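Asker: This structure is in structure tokens; I'll ask about it shortly.
The values are calculated or read from the model by the stated rules, or taken from the named source; none is laboratory data. From a predicted model like this one, the values you see are computed outputs, not experimental measurements. Neighbour counts run over all protein chains shown; Cβ positions are idealised from the backbone, glycine included.
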Amino acid sequence: MANLPVIEMTVVSDLITATDSFQDMLTVADVDATISIKRYEFEGYTDPVRLNALFLILVLKGEAKISLDYIHYTISPNMLVTVMPVHILQAAEVSPDFKAVMIMIHRSFLEGLNIAQRTPSMTNYMLLRKNPCTNLLPEETLHLENCTRQLREKIHRRTHAFHKELMQNAFVALMLEMADIMVGKKDTVVHRTLSRKEEIMNKFVNLLIRHGKREHHVSFYAAKLFITPQYLSLILKELSGKSANKWIDEALVMEAGILLKTPELTVQQVADELNFSDQSTFGKFFKKNTGLSPMEYRKV
């Protein structure tokens, strides 16, 4: 099987039955949980990863529970899931009948497309960032499945004199078909009215994504939102069941887990990256929240 253009995820790798890959930069894979005798359930969520690729997951059967940027989702049939390279991804459960088609596009392939100039009508980036799971009609799922099949056919035309350009155009064509479907749903997705408290929580999560590595105190986020730390924590507790401190700590643990799995970084460098005063303080924080020291976590 071709190397997947992502940080390895054992759960995903175990469930892949077939792949077609263009230079390991664009891979189309069939995901089928029925091939495994395991039932993928975990205590909490798996270790977080930030993928080095754009993931498009077309769910055909069964369900799975995932977390993207600290928000939990249940994905089910006739759903298109878009996982951006910037997303932090975790998995919690995959049903034994889960089936999907997954497309993985490495950053280097995307950078070579210059999509913004070639396809100005493509679905807005922030729309997908904020709404990674799109419900489809059965006929829309079938259409995208057929488009994916055509993409795979192009992958196999390796003797084509302009194979790279053929693949680039084929992928852009797929994205335009997706965009056409998304545009028809844009009004229902974008114009959902949030309550004042939901708006504050949404802004807090966006701030946490941007500043979570460096800013560890509730007061920083509350100041950005022009509210008191107490009110921010009250809102988050009411809407999510977690205090602001808990949100910040969990975000830090996620970032720490990703960095600790990067072998070229020392623990001291990870502590510096996450703005801890020293390695010892970072180690105590990490062990308090995971039960493992940073070095023990690296060996798991």
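Asker: Within the stretch 233-246, count every residue that is at pLDDT 90 or above and touching a Leu at 6+ places or on another chain (Cβ under 7 Å).
Answerer: 2
Asker: Scan (1) under 30 Å from Gly283 (Cβ atoms); (2) within 22 Å of the chain's Cα centre (by Cα); (3) surrounded by 14 or more Cβ atoms within 10 Å (Cβ to Cβ); (4) modelled with pLDDT of 85 or more for the single condition Met201 breaks and write down its number.
Answerer: (1)
Asker: Let me ask something else. State whether one or more residues within the stretch 31-46 are modelled with pLDDT of 80 or more, assigned to a strand (DSSP E or B), hydrophobic (A, V, I, L, M, F, W, C) and in contact with a strand residue (DSSP E or B) (Cβ under 6 Å, 6 or more places away or on another chain).
Answerer: Yes: the stretch 31-46 contains one or more residues that are modelled with pLDDT of 80 or more, assigned to a strand (DSSP E or B), hydrophobic (A, V, I, L, M, F, W, C) and in contact with a strand residue (DSSP E or B) (Cβ under 6 Å, 6 or more places away or on another chain).
Asker: Moving on. Would you please name the residue that is surrounded by the most Cβ atoms within 10 Å (Cβ to Cβ), looking only at residues in the stretch 94-109 that are in contact with a strand residue (DSSP E or B) (Cβ under 8 Å, 6 or more places away or on another chain) and part of a loop (DSSP other than H, G, I, E, B)?
Answerer: Among residues in the stretch 94-109 that are in contact with a strand residue (DSSP E or B) (Cβ under 8 Å, 6 or more places away or on another chain) and part of a loop (DSSP other than H, G, I, E, B), the one surrounded by the most Cβ atoms within 10 Å (Cβ to Cβ) is Phe98.
Asker: Write out, first by first residue and then by second, each pair whose Cβ atoms fall under 6 Å of each other, whose residues are 6+ apart or on separate chains, and whose first residue, in the stretch 136-156, is in contact (Cβ under 8 Å) with a residue 12 or more places away in the chain and on the phi > 0 side of the Ramachandran plot while the second is surrounded by 13 or more Cβ atoms within 10 Å (Cβ to Cβ) and part of a loop (DSSP other than H, G, I, E, B).
Answerer: No pair meets every condition.
Asker: For the subset of the stretch 65-93 comprising residues that are out of contact with any Leu (no Cβ under 8 Å at 6 or more places or on another chain) and within 18 Å of Glu145 (Cβ to Cβ), which member is surrounded by the fewest Cβ atoms within 10 Å (Cβ to Cβ)?
Answerer: Here the residue is Ser76.
Asker: For residues that are surrounded by 15 or more Cβ atoms within 10 Å (Cβ to Cβ) and within 18 Å of Asp24 (Cβ to Cβ), tally how many sit in the stretch 149-175.
Answerer: Summing the residues that are surrounded by 15 or more Cβ atoms within 10 Å (Cβ to Cβ) and within 18 Å of Asp24 (Cβ to Cβ) in the stretch 149-175 gives 10.
Asker: Looking only at residues that are over 21 Å from His72 (Cβ atoms) and β-branched (Val, Ile, Thr) in the stretch 231-266, which one is farthest from the chain's Cα centre (by Cα)?
Answerer: Selected residue: Thr266.
Asker: Output the residues belonging to the stretch 254-300 that are of a type in the set (Asp, Glu), within 21 Å of Arg210 (Cβ to Cβ) and without any contact (Cβ under 8 Å) to a residue 24 or more places away in the chain. Break it down stepwise before answering.
Answerer: Going residue by residue through the stretch 254-300, those that are of a type in the set (Asp, Glu) are 255, 264, 272-273, 278, 296.
Cutting the leftovers down to within 21 Å of Arg210 (Cβ to Cβ) gives us 255, 272-273.
The one that is of a type in the set (Asp, Glu), within 21 Å of Arg210 (Cβ to Cβ) and without any contact (Cβ under 8 Å) to a residue 24 or more places away in the chain: Asp272.
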